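Bear in mind that the values in this text are calculations on the coordinates, not laboratory data. Quantities reported herein were computed from a predicted structural model and do not represent experimental measurements. Quick reminder, even Gly has a Cβ in these numbers, built from the backbone with ideal geometry, and neighbours come from all protein chains shown.
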């Protein structure tokens, strides 16, 4: 029995927005405001296993989908089908399929982008938002890919991902090596990373050149410790060996499209919101959440200490405690 089967509720399916979506559900269905957990790249609903167990055990109704392009959910071929409009529409259709009026949306990494945009695109379906690591910010003043190319370089992973097929080939060639690179705790950093605000000096190499790092990566000499058990690691490897990474990479290939589509939207979140930051996240450091209070009037922020980017998996007890405290105060059962 795989870790995914052993540690997750039975998989369910719903036909949503033109795709078949797999999701996992636990807790008292129909009671209270449900929580919908949205994972990032390269992850799965399985990434929320610790939260599903803890929050459903505390009496909360929880739903965690494999999102479009991931796991057991369909992965359409068209790049534009992974635009934020569709990712949000998938979740609205999942609520409709379940007969749910409103939910609290919880997102990490790319899932964080999705849940913040749910709040501004579909405010009538969003009771509250919990963001992990991914901040909410004003609309970029120009195409974000152009900004990242200038600031961080041509090989910065999001910029590099725009080239059709190139990153996919490196990731898909060895899913085990890719997950080995990703799923580790960070080493101690002498100073906090500046994340996407990093400014290169002229002549400096690209920052966050992930595809190049993966191509040269040797797991045998990586000193960073794991946070997954062997069985948990195999659950991720088995899934991505089957699906490949193209579905997830296609989310990134819509940055420019998403930016154009967001023109005219009010970039303010009116729902009660919780921002959970990770002390040692190199790409989305705590400082990236500075100023969110201007955009979200009803916002609480909490720091998870000792955690790198994979916060809900690295430090589940801290994350669960922060979530449950906020939920008990803002959405009491």
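I'd like the distance separating the alpha-carbon centroids of segment 137-183 and segment 35-71, in whole Å.
Centre-to-centre distance over Cα atoms comes out at 24 Å.
With N denoting the number of residues in the chain, provide Rg(C-alpha) divided by 2.2 N^0.38 Å, to two decimal places.
For the chain, the normalised Cα radius of gyration comes out at 0.93.
By DSSP, what percent of the beta bridges with both residues in the chain are antiparallel, rounded to the nearest 5?
That works out to approximately 35 percent antiparallel.
Compute the distance in nm between two label points, each set 7 Å from the Cα along the Cα-to-Cβ direction, one at residue 329 and one at residue 11.
So the two model labels end up 3.9 nm from each other.
Counting other beta carbons within 10 Å of each Cβ, put 315, 263, 166 in order, fewest first.
The order, fewest Cβ neighbours first, is 263, 166, 315.
Helix-only mean residue ellipticity at 222 nm, the chain, DSSP H runs n ≥ 4 weighted -39,500 (n - 2.57), per residue, nearest 500. What is it?
After summing the helix terms and dividing by the residues of the chain, the value is -10500 deg cm²/dmol.
What ranking do 38, 88 get, fewest neighbouring Cβ atoms within 10 angstrom at the top?
Going from sparsest to densest Cβ surroundings: 88, 38.
Over the Cα atoms of segment 119-166, Rg to Rh with Kirkwood Rh, two decimal places?
Using only Cα positions, Rg/Rh for segment 119-166 is 1.11.
Can you sort 211, 115, 126 from fewest to most other Cβ atoms within 10 Å of each residue's own Cβ?
Ordered from fewest to most neighbouring Cβ atoms within 10 Å, 211, 115, 126 come out as 211, 126, 115.
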